[in-house]
Every structure is written in structure tokens, then in C-alpha cells.
1. Work out the length of the dipole vector of the chain about its Cα centre, built from +1 on the beta-carbon of each Lys and Arg and -1 on the beta-carbon of each Asp and Glu, and round it to the nearest 20 debye.
2. With a cut-off of 8 Å between alpha carbons and a minimum separation of six or more residues, what is the relative contact order of the chain in percent?
3. Using only the alpha-carbon atoms, how far is helix 52-63 inclined from the longest principal axis of the chain? Give it as 0 to 90 degrees, nearest 10.
4. What is the distance in Å between the Cα centres of the stretch 77-125 and the stretch 18-33?
5. Of Leu115, His22, Met95, which is farthest towards the positive pole of the chain's charge dipole, taken about the Cα centre with +1 and -1 on the beta-carbons of Lys, Arg and Asp, Glu respectively?
6. Report the label-to-label distance for Arg62 and Tyr27 in nanometres (one decimal), using points 7 Å from each Cα along the Cα→Cβ vector.
7. How big is the C-alpha Rg of the chain next to the rule-of-thumb value 2.2 N^0.38 Å, as a ratio?
8. Angle between the Cα long axis of helix 7-16 and the longest principal axis of the chain, 0 to 90 degrees, nearest 10?
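Bear in mind these aren't lab numbers, they're just calculated from the coordinates by the rules spelled out. The structure displayed is predicted, hence computed values, not measured ones. Here the Cβ is made from the backbone with ideal geometry for all residues, glycine too, and neighbour counts use every protein chain on show.
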Amino acid sequence: MQPLRTIEVLIKKSQEQRQTIHFIPPYRPETSVQLSEWLSIPYQAVAQRSSILLIEAVIAQRSYKSTEEVNEIDKAVDLTSAMQLKAIQLSQQGMKEYEIAAQLEAVATGSGGYLSFPIILTVNGQYLHNHAGGMYCKMTNGPV
């Protein structure tokens with residue numbers, strides 16, 4: 001394993017030796033720019049020049065799950081369910097979203113887990129990935 005700062009030199013050496021450089025289609029524009037520079041190909045051509053062989057290998061790898069991985073997925077699903085039930089239990093008129101989110105984070109860390117991204121909790125379900133948390137719960141026909 002090499003430090004990332006050496007990648008450009010490694011790519012140039014590989015190109016000089018006529019080796020194929022395999023990469024998957026980047027989803028971040030800055031990665032496309034970097035690949036464009038390293039491989040000396042137009043930015044617009046980066047995605048089209050990605051390696052079908054590598055894409056298929058990644059798909060095959062992601063399709064297989066070991067027993068340990070399946071157990072971890074099951075634990076994550078159980079923890080997510082516990083967090084959702086806790087949110088339902090905590091939802092009360094006048095409670096702030098961030099107050100509920102704090103308790104949900106406690107459920108995750110209290111179970112030995114952690115969050116892979118900030119909790120998305122909002123009474124404004126029409127806003128995707130809202131992390132503001134300052135809205136009050138408004139009770140209608142049940143918890144919100």
C-alpha cells in the first residue's frame with residue numbers, strides 16, 4: 001500500500017509500461033477532474049473510460065456477504081428499529097426535534113454502535129436530509 005500522494009507517479013509509470021489503469025466511474029466531480037489530470041484524458045471522457053472489468057468485480061464482491069457481515073447487518077437493522085421505536089415513544093407536543101435526536105443517538109451509542117451520518121429527524125418530511133432540528137413536534141392524530 002502506497003500513500004495517495006504517490007499515485008500520480010505510479011499511474012505515469014504504469015502508462016509508460018502500457019499497463020491498463022482500471023477505475024470505476026467516479027461520482028464526485030473532483031475525482032473526475034483528478035482522474036482526467038492523472039490519465040491525461042478529457043474530463044468529459046472519464047466516466048466512459050471506466051473499467052467494465054473492475055465494475056463487474058466490485059458488483060461481485062458486494063453481492064457476497066460473509067456470515068459475519070450478515071450478522072452485522074442484522075444488528076444494524078435491529079438498532080435502527082430500536083431508534084425508530086424510541087422516536088415514536090419520545091414524540092410529544094412541544095418537544096424539539098433535536099431533543100429527540102439526542103436520545104436516538106444515545107440509543108445507538110448505548111448499544112455499542114455509532115452513527116454513520118447525522119440523524120435525519122424532522123416534522124417537515126417534505127425536506128430531505130433536514131438536520132436543523134429546531135422544529136417543535138405538533139401532535140395531530142398521534143406522534144409526529
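1. I would put it at about 320 debye.
2. The normalised contact order for the chain reaches 17 percent.
3. Helix 52-63 sits at roughly 30 degrees to that axis.
4. Between the Cα centre of the stretch 77-125 and that of the stretch 18-33, the gap is 37 Å.
5. Working it through, the farthest residue towards the positive pole turns out to be His22.
6. For Arg62 paired with Tyr27, the spin-label model returns 0.7 nm.
7. 1.57
8. 30
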